[in-house]
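Novice: I am attaching a structure below and will ask some questions about it afterwards.
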Amino acid sequence: MTEPFPAFPPDFLWGAASAAYQVEGAVDEDGRGRSVWDTFCAEPGRVEGGDTGAVAADHYHRFPEDIALLRDLGVGAYRFSIAWPRVVPDGAGAVNPAGLDFYDRLVDELCAAGIAPAATLFHWDTPQALEDAGGWLSRDTAARFAEYAAVVGDRLHDRVRMWMPLNEPVVVTMFGYALGQHAPGRELGFEALPTAHHQLLGHGLAVQALRAAGCSNIGIASNHSPVWAASDAEEDVAAADTYSTLVNWLFADPVLRGRYPAPELAALMPGPVVEDLKVISTPLDWFGINYYQPALVGAATGGSTPVVEGAMLPPGLPFEPRPIEGYPRTDFGWPVVPDGLRETVAMFTDRYGEALPPLYITESGCSYHDPDPVDGRVPDPDRVAYHDGHLRALARAMADGADVRGYFAWAATDNFEWAAGYRERFGLVHVDYATQTRTPKDSYHWYRDVIGRAR
Ligand code: FCB
């Protein structure tokens with residue numbers, strides 16, 4: 001018999017999430033500048049089916065309907081991202097008032113619905129003009145990011161309740177600049193490391209700019225997962241450790257400890273690193289973890305080139321990701337390992353102890369190729385099982401003492417899943433892209449019940 005669903009604290013924050021380029025569409029409207037994702041999508045072969053975010057879920061025009069759905073869902077917060085190129089079209093200089101007005105209306109609509117606005121400032125849509133000047137390889141981008149943060153903070157500080165300058169810097173560095181699966185599509189291998197430092201510096205500067213503008217409750221949404229060693233053999237354990245250093249601690253240690261996890265890594269970073277780390281570690285009010293799946297890593301075997309999420313890894317790496325067997329998989333092919341969420345939270349509490357601010361799970365979710373709605377219903381039992389399992393795992397982490405304050409389901413609605421285009425569906429709400437009709441899936445109704453019972 002299944003255990004009863006765990007009780008969460010009454011003030012636990014139930015949320016749902018999205019990101020600008022994945023839902024908004026309206027890429028040429030009201031003075032929005034180009035982002036690296038507009039450029040990337042226009043390049044043949046980059047995105048499944050040649051899909052682009054040009055229309056996406058048309059959230060730019062339909063946000064009142066989406067917010068009404070969120071209100072009926074009962075979430076306490078909606079995590080959305082602000083498109084930098086909508087607010088500062090060239091990434092530097094002139095501010096686009098119409099862009100700011102859009103977010104002002106979105107935030108007002110959320111407040112009117114009794115939903116706390118939770119804003120991400122950078123969910124991967126670097127203004128193309130800045131990319132042309134070096135993007136995150138350039139230190140200047142961090143300064144421009146802080147200027148943009150100040151503009152947004154100045155306008156929205158009185159209503160936005162949670163702030164996240166960055167979303168998943170590891171993905172931008174790894175897939176955007178090292179492997180080329182995401183915009184801007186560079187394949188720089190380890191030469192991409194400066195983009196980690198510059199994003200982190202941008203984060204720290206943006207935290208300071210937001211605070212100066214009167215914003216409070218500031219964190220980050222960072223992607224983390226346990227890294228399992230392929231065996232107990234010393235070389236596999238060492239390989240897994242190296243991998244975890246690169247994907248987890250390289251991004252969390254600077255923020256939470258003010259240092260890089262290894263002197264060799266610090267030595268590869270550009271600029272006055274020690275000074276920068278003081279900025280990067282500007283204290284946060286909370287730390288957000290995005291969790292999807294663990295990694296299994298062994299020592300390099302020199303066999304066929306290992307692939308991570310469709311990206312071929314360059315030869316000569318001291319580790320090799322391996323497929324995780326023995327767990328169900330989503331339709332995206334990701335293993336479903338709910339306990340990996342507990343493990344991720346536990347590894348943060350163990351590593352940082354007192355230095356760890358309260359945690360939020362700023363994303364977790366799954367893609368299944370749901371059937372089309374029939375009579376207003378979309379049965380998605382696997383998505384229900386995913387969130388059910390991950391919330392139970394989170395409750396175990398909390399019972400073990402972790403201070404976790406909320407959970408944001410990825411995603412509120414179906415949306416543009418980056419290089420995989422519209423094939424992958426992560427939403428609690430189904431979107432028919434031909435008509436833009438929204439249909440709440442069974443997982444939406446299930447989540448509403450969970451939230452309702454917790455109140
Ligand atoms: C995360 C991203 C988010 C979404 C999910 C599935 O890495 O932050 O935009 O694509 O994965």
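Every number here is computed from the coordinates shown, using simple stated rules; none is lab data. Being a predicted model, the structure only gives us computed values, none of them experimental. Cβ placement follows ideal geometry from the backbone for every residue including glycine, while neighbour counts extend to all protein chains displayed.
Novice: Between residue 455 and residue 54, 0.36 nm times their residue separation minus their Cα-Cα distance comes to what?
Specialist: Length gained, residue 455 through residue 54: 140.5 nm.
Novice: Size of the dipole of the stretch 317-455 about the Cα centre, Lys and Arg at +1 and Asp and Glu at -1 on the beta carbon, nothing else charged, in debye to 20?
Specialist: It works out to roughly 340 debye.
Novice: Continuing with the same structure: Within the stretch 217-234, which residues have the backbone N less than 11 Å from the label spot 7 Å out from residue 301 along Cα→beta-carbon, could you tell me?
Specialist: Output list for this probe position: empty.
Novice: On to the next question. Taking a virtual spin label 7 Å from the Cα of residue 403 along the C-beta vector, which residues in the stretch 255-299 bring their backbone nitrogen under 13 Å of it?
Specialist: Zone members listed by number: 284-287.
Novice: Give the residue from 365, 213, 256 lying farthest towards the positive end of the charge dipole for the chain; charges sit on Cβ (+1 for Lys and Arg, -1 for Asp and Glu) and the dipole is referred to the Cα centre.
Specialist: Of the options given, the answer is 213.
Novice: Which number do you get for Rg(Cα) / (2.2 N^0.38 Å) in the stretch 340-455? Display every interim value, and only then the final one.
Specialist: Working: Rg = 16.1 Å, N = 116, 2.2 N^0.38 = 13.4 Å.
Compared with the compact-globule rule of thumb, the stretch 340-455 sits at 1.20.
Novice: Sorted by mean Cβ packing within 10 Å, highest first, what order do the peptides 105-114, 12-21 take?
Specialist: Averaged packing, sorted descending, gives the order 12-21, 105-114.
Novice: Another question about this same structure. Determine the shape class of the stretch 290-388: with a ≥ b ≥ c the square roots of the Cα gyration tensor eigenvalues, call it rounded for a/c under 1.5, and otherwise prolate if a/b is greater than b/c, oblate otherwise.
Specialist: oblate
Novice: For Cα pairs less than 8 Å apart in space and 6+ apart in sequence, what is the mean separation divided by the residue count of the stretch 67-140, i.e. the relative contact order in percent?
Specialist: 42
Novice: Please compute the contact order of the stretch 204-248 in relative form: average sequence separation of alpha-carbon pairs under 8 Å and at least six residues apart, divided by the residue count, as a percent.
Specialist: In percent, rounded to a whole number, it is 30.
Novice: Separate question: Does the stretch 198-291 come out rounded, prolate or oblate by the C-alpha gyration tensor, with a ≥ b ≥ c the root eigenvalues, rounded set by a/c under 1.5 and, if not, prolate when a/b is larger than b/c and oblate if not?
Specialist: oblate
Novice: Along the Cα→Cβ direction, 7 angstrom out, place labels at residue 132 and residue 98. What is the inter-label distance in nm?
Specialist: Here the modelled spin labels are 2.0 nm apart.
Novice: Then there's this: How much length is gained on full extension from residue 140 to residue 257, taking 0.36 nm per residue of separation minus their Cα-Cα distance?
Specialist: Computed gain between residue 140 and residue 257 is 39.7 nm.
Novice: Can you give me the Cα centroid spacing of the stretch 96-123 and the stretch 238-259 in angstrom?
Specialist: Between the Cα centres of the stretch 96-123 and the stretch 238-259 lies a distance of 33 Å.
Novice: What is the distance, in nm, between label points placed 7 Å from the Cα along the Cα-to-Cβ direction at residue 435 and at residue 231?
Specialist: Placing both labels 7 Å along Cα→Cβ, they lie 5.6 nm apart.
Novice: Taking the Cα centre of the chain as origin, sum charge times position over the Cβ atoms of Lys and Arg (+1) and Asp and Glu (-1), and report the length of that vector in debye to the nearest 20.
Specialist: That gives a dipole near 920 debye.
Novice: How far apart, in nm, are the 7 Å Cα→Cβ label points at residue 147 and residue 377?
Specialist: Spacing of the two 7 Å Cα→Cβ label points: 5.6 nm.
Novice: Among 436-444, 374-382, 123-131, what's the highest-first ranking by average C-beta atoms within 10 angstrom per residue?
Specialist: Highest mean packing first, the order is 123-131, 436-444, 374-382.
Novice: Write down the percent of antiparallel bridges among all DSSP beta bridges whose residues are both part of the chain, to the nearest 5. Walk me through the numbers before you get to the answer.
Specialist: Details: 12 of 45 bridges.
Percent antiparallel among DSSP bridges in the chain is about 25.
Novice: For the stretch 1-159, state what percent of all Cα-Cα pairs lands in each successive 5 Å bin, counting from 0 Å until the bin that includes the largest distance.
Specialist: 2, 9, 17, 19, 18, 14, 9, 6, 4, 2, 1, 0, 0
Novice: Output wanted: per-residue J couplings in Hz (rounded whole) for the stretch 191-196, from phi through Karplus 6.51 cos²θ - 1.76 cosθ + 1.60, θ = phi - 60°, x for Gly and Pro.
Specialist: Rounded to whole hertz, the list is 5, 7, 3, x, 5, 5.
Novice: Another question, if that's okay. Identify, among 344, 64, 272, the residue whose Cα sits farthest towards the positive end of the charge dipole of the chain, taking +1 on the Cβ of Lys and Arg and -1 on the Cβ of Asp and Glu, with the dipole about the Cα centre.
Specialist: The residue sitting farthest along the positive end of the dipole is 64.
Novice: While we're looking at this one, here's another question. Once every DSSP H run of n ≥ 4 in the chain is given -39500 (n - 2.57) and the sum is divided by its residues, what mean residue ellipticity at 222 nm do you get, rounded to the nearest 500 deg cm²/dmol?
Specialist: Details: 15 runs with 167 residues, N = 455.
About -11000 deg cm²/dmol.
Novice: Could you work out the pair-distance distribution P(r) of the chain from its alpha-carbon pairs, with 20 angstrom bin width and percents rounded to whole numbers?
Specialist: Histogramming the chain at 20 Å steps yields 26, 63, 12, 0 percent.
Novice: Right, another one. Can you give the charge dipole size of the stretch 1-158 about its Cα centre, rounded to the nearest 20 debye, using +1 on the beta carbon of Lys and Arg and -1 on the beta carbon of Asp and Glu? Walk me through the intermediate numbers first.
Specialist: Working: 11 positive and 26 negative charges, 55 e Å.
Dipole of the stretch 1-158, to the nearest 20 debye: 260 debye.
Novice: Hey, another quick one. With a cut-off of 8 Å between alpha carbons and a minimum separation of six or more residues, what is the relative contact order of the chain in percent?
Specialist: 17
Novice: Here's a follow-up. Applying 1/(1 + (r/R0)^6) with R0 = 35 Å to the Cβ-Cβ distance of residue 111 and residue 274, what FRET efficiency is obtained, to the nearest 0.05? List each step's numbers first, then the result.
Specialist: On the way: r = 42 Å, r/R0 = 1.19.
Once rounded, the FRET efficiency stands at 0.25.
Novice: Identify the residues of the stretch 424-455 with backbone N under 13 Å of a label point that sits 7 angstrom from the Cα of residue 72 along the Cα-to-Cβ direction, or state none.
Specialist: Residues passing the 13 Å test: 429-430, 438-442, 444-446, 448.
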